[in-house]
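One structure is given here, and the rest of the page talks about it.
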Amino acid sequence: MISKDEREKIIADIKDPNSGSQGDISKKHAVGINTIWTIAKKTLTPEDYAKRFPPPPKIPKKVRKKIIADIKNPNSGTQPAIAKKHGVNKSLVGRIVKKVLTLEEREKRFPPPPKIPEDIKENIIADIKDPNSGSQGDLAKKHGVSSGGIAAIAKKALTPEIYEKRFPPPPKIPKDVREKIKADIKDPNSGSQIDISKKHAVGITTIWTIAKEILTPEEYAKRFLQDGKYEIGNKTHKNIYSLVTEDFDKRRESSSDVPKIYSEPRIYLPLSEKRADLLFYNDTKFLQRLLKDLKDRNLLIPKLENLLKKLDRIKFVQFDFTNLLEKKNILDKILKYQHPEILTFIVGTKWYRFWDELTKELPNDKRIRYPENIIIISNKYFAELMKIKGIYKERFDEIIELNRKGDLDALKDILENDNQTLNGTDELIKDLKEKGYIKRDISEYIKNIKAEKPLDRFIYNEDKERNKESNNDDDGEDDNDNQIKF
């Protein structure tokens, strides 16, 4: 039962032409779309309803036939991908799906996201009622569900008054600050949405919302073209994190030698500026087995073959994904991540057809100190290297294709339906401590290199570093005292 207060808010959104579709309103208030439809029908006259929520235009029979063909084709992607391909609304594809497929066929072709188990739901409710357990985002990450799922459970578990007290809405932006934000949005010299959000100390979502309010779609695309590319890359990365983590978690159930995957672990200083996308530590010599498998399949590239005899000193293996494989970007990544005991793969999530199918040469630059430890590979070779197979390979290929097409809606849709828990910096530190590799920090596990500039510093124990500063070398050779041997 919806409270009177919640119903009034829904009615306000129904009357507000800027609050989006019925689907948007249902997500915002965590209620079913049929509830929104019912309230809208009671609130608005037929004329106002038709104006506020106009029916989608009828599609030509030829287009409809092509949509149906894609719906029945298991290789044509998700419903959002089909909608994007044919330039129609996702809900329209959903309605056609219900007409042309039986329930059994629908669940096989477009499997629904798994329901939250009752025991996990009970733990979520306990955390929702505990004011010290963090925000909805914190709870979502802790329990491996979406923020929308946490909101839906919270709204059922709490009264509206307690809900607002437990999860207060963000404070309203003062009018003068809002006007300055608008001015920066309209000024092409004021930077990206991230730049504007940092300047005014507000969330990037706030900037995005205001920008969408004051700019036409054409103006928005022109003003924030690079932001759109950034968001596509970001969602591609997040989807890959989730997929690889899930795949390795499954494989680790049958083999303890399969490592845990860590997403964006902060092992560099400053913490906010230097972190690769995925990482595992190589204490079970998992990397050696991966490369042997590639060699057995005649897929081992020469650079990795040359590295085979030197792998005992590799402690971390990390991957950094990028759509931009031009020289400057690659060089920035190399100078940021290079380290004598870390093997870094720069993975091209976009890969041109005229390039070598598997790898790309490093730029020629004397600042690259450990060229044998930096390898640029294609997304196809990444999947081969990491032995991503079966349904995970199909999902990986779909993510890469959606990234290539720039299908942001489909990438978001995949992410919204994903409940995979990711392992971050805290988990990495905890696991290294449990294995006895460190007591306090990562500098006990891996040798740091002398900084060329402030950004190129590895995490270290400051007291220990000060004591050893005069004795530290700059040659990348092992210190025998504190090295973990495999």
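Quick notes on this one:
- Residues that are in contact (Cβ under 8 Å) with a residue 12 or more places away in the chain and not β-branched (Val, Ile, Thr) within region 5-27 comprise Asp5, Glu6, Arg7, Lys9, Asp13, Lys15, Pro17, Asn18, Ser21, Gln22, Gly23, Lys27, listed in sequence order.
- Single match in Gly406, Gly390 (criterion: in contact (Cβ under 8 Å) with a residue 40 or more places away in the chain and at positive phi): Gly406
- Segments classed as helices (runs of 4 or more DSSP H), wholly inside region 109-191, with at least 2 members that are in contact with a Phe, Trp or Tyr (Cβ under 8 Å, 6 or more places away or on another chain) and under 23 Å from Lys28 (Cβ atoms): 147-157
- In summary, Lys328 fulfils each of the numbered conditions (1) under 22 Å from Thr236 (Cα atoms); (2) of a type outside the set (Phe, Trp, Tyr); (3) more than 28 Å from the chain's Cα centre (by Cα) with the single exception of condition (3).
- Pairing each residue of region 313-329 that is closer than 13 Å to Thr284 by Cα and not assigned by TED's automatic domain parsing to the domain that holds Pro265 with any residue that is at pLDDT 90 or above and part of a strand (DSSP E or B), provided the two are 6+ apart or on different chains, yields no C-beta distance under 9 Å.
- Qualifying residue in region 197-204 (condition: buried (at least 18 other Cβ atoms within 10 Å of the Cβ), in a helix (DSSP H, G or I) and at pLDDT 80 or above): yes
- Selected residue (only one of Asp409, Asp441 is within 16 Å of Asn234 (Cα to Cα) and not assigned by TED's automatic domain parsing to the domain that holds Lys85): Asp409
- Meets criteria (under 23 Å from Glu122 (Cβ atoms) and touching a Lys or Arg at 6+ places or on another chain (Cβ under 8 Å)) for Gly144: no
- Thr78, sole failed condition from (1) surrounded by 13 or more Cβ atoms within 10 Å (Cβ to Cβ); (2) out of contact with any Asp or Glu (no Cβ under 7 Å at 6 or more places or on another chain); (3) closer than 23 Å to Glu394 by Cβ: (2)
- Tally, over region 424-448, of residues that are among the charged types (D, E, K, R) and assigned to a helix (DSSP H, G or I): 7
- In a residue-by-residue description of region 126-138, the property of being more than 30 Å from Glu161 (Cα to Cα) and hydroxyl-bearing (Ser, Thr, Tyr) applies to no position.
- Counting the residues of region 207-219 that are in a helix (DSSP H, G or I), farther than 17 Å from Asn234 by Cβ and among the β-branched types (Val, Ile, Thr) gives 3.
- Among the residues of region 416-471, the ones that are among the β-branched types (Val, Ile, Thr) and at pLDDT 80 or above come to 4 in all.
- Residues of region 62-95 classified as assigned to a helix (DSSP H, G or I), β-branched (Val, Ile, Thr) and closer than 19 Å to Asp409 by Cα, total: 4
- Flag for Ile207 being within 24 Å of Lys27 (Cα to Cα), touching a Leu at 6+ places or on another chain (Cβ under 7 Å) and among the β-branched types (Val, Ile, Thr): no
- All positions within region 362-395 that are touching a Pro at 6+ places or on another chain (Cβ under 7 Å) and either among the hydroxyl-bearing types (Ser, Thr, Tyr) or not assigned by TED's automatic domain parsing to the domain that holds Asn417 (or both): Tyr370
- Flag: Ala183 matches the condition of being farther than 23 Å from Leu415 by Cα, among the hydrophobic types (A, V, I, L, M, F, W, C) and assigned by TED's automatic domain parsing to the domain that holds Gly203.
- Within region 1-46, if we keep just the residues that are small (Gly, Ala, Ser), over 32 Å from the mean Cα position of the chain (by Cα) and assigned to a helix (DSSP H, G or I), the residue that is modelled with the lowest pLDDT turns out to be Ala40.
The values are calculated or read from the model by the stated rules, or taken from the named source; none is laboratory data. The model shown is predicted, which means the values in this text are computed figures rather than measured ones. We place every Cβ from the backbone using ideal geometry, glycine too, and count neighbours over all the protein chains shown.
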